[in-house]
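J.: Below you'll find the structure I mean.
The values are calculated or read from the model by the stated rules, or taken from the named source; none is laboratory data. Source: prediction; values computed, not measured. Neighbour counts run over all protein chains shown; Cβ positions are idealised from the backbone, glycine included. SASA here: full protein model, heavy atoms, side chains in, ligands and nucleic acids out. Shrake-Rupley method; radii C 1.70, N 1.55, O 1.52, S 1.80 Å.
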Amino acid sequence: KCQVGERFMRMRLLVACLTSTFLAAVPVPRVDPSPPPPPPPPPSPPPPPFIITWAAGAAAVAQPLAPFDLPWDPEPLPRNWLTQFSAPLEDPAGQPPNCAAAKTALVGDGGYGRTNNELKEFMHLLEFAASRPASNLTVVVATDRIKKYFPPHLFDWDPLKSWVCISQDGPPPGTLELHESLFNIYYWDRRGHGQDYDEKKYPARGVFGVVEKYPPQQPWVDYHWLHGKVFAQLLLRPRGPLRAGVDAIIRKHGPRYVAIHLRQLEGQCQKRVHGHERVRITREDLGREVTPEDICLASDEYLAAALAKDRVPREWPILILHDGQPLSVARVPQLIKRFGAVDVNATEPLVAMLLLAKSSYLVGNPGSTFSVNMADIRRASGASEASTTLQFGSYWGA
């Protein structure tokens with residue numbers, strides 16, 4: 001018995017020795033009592049292009065802004081659509097003038113300004129000619145200067161024959177030529193002028209020897225609407241590459257879009273936009289006073305307030321049209337970063353004009369007649385006041 005027990009003990013010792021030797025040869029991973037750090041959280045989604053907060057109550061359930069669509073090729077105007085504002089009707093409505101029987105030809109001399117000024121001068125020439133008595137049928141001569149800024153091959157002016165005569169080949173034979181400077185034509189105004197009018201600086205109370213006065217019996221005439229009708233007749237029948245270029249931009253970014261017009265006016269913008277009643281964005285919309293800088297540069301706060309005020313759909317892209325001046329150029333990348341805006345690089349003024357006019361929502365500059373004239377086209381074509389930041393009827397120069 002003693003020998004058996006001794007053998008058993010020796011076997012146990014041998015097994016224990018072998019086990020300890022094996023375990024010593026196998027590396028055992030070290031266990032850290034502290035748990036590993038959690039993985040980093042996923043990156044936060046980028047902020048939205050702009051933040052719109054609608055007021056509680058009625059505004060919170062109001063419908064988004066209805067899109068404004070400005071078609072090409074407006075209907076021709078009847079013969080007496082303009083004379084009803086200034087003179088008794090002398091011809092049956094709907095009868096176009098017999099331009100071959102014109103007795104007088106209007107010629108604008110010299111030069112004053114560039115594309116937008118030329119548009120206004122051309123419009124004033126047409127307005128003056130169409131408001132003459134039928135017994136003195138008057139034709140407007142499209143001079144080389146007019147054709148420089150508004151090339152005839154890019155526009156279809158033939159439908160204007162329904163109410164006014166235009167000659168592209170100089171004064172018609174046998175007509176009496178009347179000449180006037182384009183400076184005076186630009187500042188001609190059938191409404192007359194207010195008490196603060198500077199006669200020495202702007203002497204053009206009349207043109208072509210005719211002094212016009214505002215008809216006292218017709219104080220209701222909306223001249224921004226009237227001028228917008230003429231601008232639409234001149235601009236909204238583009239042809240060839242001009243129409244194709246504008247359509248291509250709208251197809252790429254539209255069909256509905258917001259247009260921002262940045263104009264610094266050779267450093268005079270903030271001076272010109274003083275008096276913020278010319279814009280619809282108010283202190284109540286912005287949460288503070290609206291400044292000239294807000295308007296001229298379309299500041300982040302101003303733009304967000306405008307989009308919120310008029311409930312502009314967020315999916316409408318924002319296109320930037322600018323004048324290439326340093327302050328405007330510096331503002332462009334900020335608008336791109338903050339609002340996801342697009343610089344369409346419309347260096348051709350006619351393209352910029354038409355993109356502004358056809359926008360679904362216009363952030364305009366009330367100190368720029370470039371903006372104002374396109375807003376007038378929109379208004380005369382049925383756009384609502386809520387489709388622009390400009391306040392109807394109180395633009396600069398009104």
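J.: Kindly indicate which of Thr138, Thr143, Thr115 is touching a Gly at 6+ places or on another chain (Cβ under 8 Å) and hydroxyl-bearing (Ser, Thr, Tyr).
T.: Only one candidate qualifies: Thr143.
J.: A further question on this structure: Testing Glu289 on (1) surrounded by 14 or more Cβ atoms within 10 Å (Cβ to Cβ); (2) in a loop (DSSP other than H, G, I, E, B), one condition comes back false. Which one is that?
T.: (1)
J.: Find the residue count for region 289-309, including only residues that are within 14 Å of the chain's Cα centre (by Cα) and not aliphatic (A, V, I, L, M).
T.: Residues that pass the stated criteria total 1.
J.: Any chance you could count how many residues in region 254-266 are over 14 Å from the mean Cα position of the chain (by Cα) and either open to solvent by 40 Å² or more (accessible area, probe 1.4 Å) or polar (S, T, N, Q) (or both)?
T.: So the answer is 3.
J.: Residues that are touching a Ser or Thr at 6+ places or on another chain (Cβ under 9 Å), under 20 Å from Gly240 (Cα atoms) and at pLDDT 95 or above: does region 150-163 have at least one?
T.: Yes, the conditions are met somewhere in region 150-163.
J.: Within region 74-83, is even one residue open to solvent by 10 Å² or more (accessible area, probe 1.4 Å), in contact with a helix residue (DSSP H, G or I) (Cβ under 7 Å, 6 or more places away or on another chain), at pLDDT below 95 and of a type in the set (Phe, Trp, Tyr)?
T.: No, region 74-83 contains no residue that is open to solvent by 10 Å² or more (accessible area, probe 1.4 Å), in contact with a helix residue (DSSP H, G or I) (Cβ under 7 Å, 6 or more places away or on another chain), at pLDDT below 95 and of a type in the set (Phe, Trp, Tyr).
J.: Have a look at Ser384, Ser368 and point out the one that is among the hydroxyl-bearing types (Ser, Thr, Tyr) and crowded, with 21+ Cβ neighbours inside 10 Å.
T.: Answer to the selection: Ser368.
J.: I'd like the full set of residues that are touching a Phe, Trp or Tyr at 6+ places or on another chain (Cβ under 8 Å) and among the basic types (Lys, Arg), limited to region 351-387.
T.: Across region 351-387, the qualifying residues are Arg378, Arg379.
J.: What number of residues within region 273-286 are open to solvent by 10 Å² or more (accessible area, probe 1.4 Å) and either closer than 15 Å to Gly364 by Cβ or part of a loop (DSSP other than H, G, I, E, B) (or both)?
T.: Total satisfying the criteria: 7.
J.: Can you tell me which residue is farthest from His261 (Cα to Cα) among those in region 292-307 that are among the small types (Gly, Ala, Ser) and surrounded by 22 or more Cβ atoms within 10 Å (Cβ to Cβ)?
T.: Residue satisfying both the conditions and the ranking: Ala305.
J.: Does any residue in region 323-343 that is assigned to a loop (DSSP other than H, G, I, E, B) come within less than 6 Å, Cβ to Cβ, of a residue that is open to solvent by 50 Å² or more (accessible area, probe 1.4 Å) and not small (Gly, Ala, Ser) six or more places away or on a different chain, and which pairs are these?
T.: What qualifies is Asp323/Arg263; Gly340/Pro49.
J.: A further question follows. Cβ-Cβ under 7 Å, sequence separation 6+ or interchain: first residue in region 164-179 and over 13 Å from Ala129 (Cβ atoms) and in contact (Cβ under 8 Å) with a residue 60 or more places away in the chain, partner open to solvent by 20 Å² or more (accessible area, probe 1.4 Å) and not in a loop (DSSP other than H, G, I, E, B). Which pairs?
T.: His179/Asp109
J.: Here's a follow-up. Would you say Val344 is open to solvent by less than 40 Å² (accessible area, probe 1.4 Å) and over 22 Å from Arg280 (Cα atoms)?
T.: For Val344, the condition - open to solvent by less than 40 Å² (accessible area, probe 1.4 Å) and over 22 Å from Arg280 (Cα atoms) - is met.
J.: Now for a separate question. Taking the options Arg331, Arg311, name whichever one is of a type outside the set (Phe, Trp, Tyr), open to solvent by 10 Å² or more (accessible area, probe 1.4 Å) and at positive phi.
T.: Arg311
J.: Residues to consider are Ile185, Ile146, Ile166; find the one that is buried (at least 18 other Cβ atoms within 10 Å of the Cβ), at pLDDT 95 or above, part of a helix (DSSP H, G or I) and touching a strand residue (DSSP E or B) at 6+ places or on another chain (Cβ under 8 Å).
T.: Residue meeting the stated conditions: Ile146.
J.: Just checking, which of Ala101, Ala134, Ala93, Ala130 is of a type outside the set (Asp, Glu), closer than 21 Å to Ala232 by Cβ, over 34 Å from the mean Cα position of the chain (by Cα) and modelled with pLDDT under 95?
T.: Being of a type outside the set (Asp, Glu), closer than 21 Å to Ala232 by Cβ, over 34 Å from the mean Cα position of the chain (by Cα) and modelled with pLDDT under 95 holds for just one of Ala101, Ala134, Ala93, Ala130, which is Ala93.
J.: Could you count how many residues in region 247-277 are in contact with a strand residue (DSSP E or B) (Cβ under 7 Å, 6 or more places away or on another chain) and not hydroxyl-bearing (Ser, Thr, Tyr)?
T.: Selection size over region 247-277: 6.
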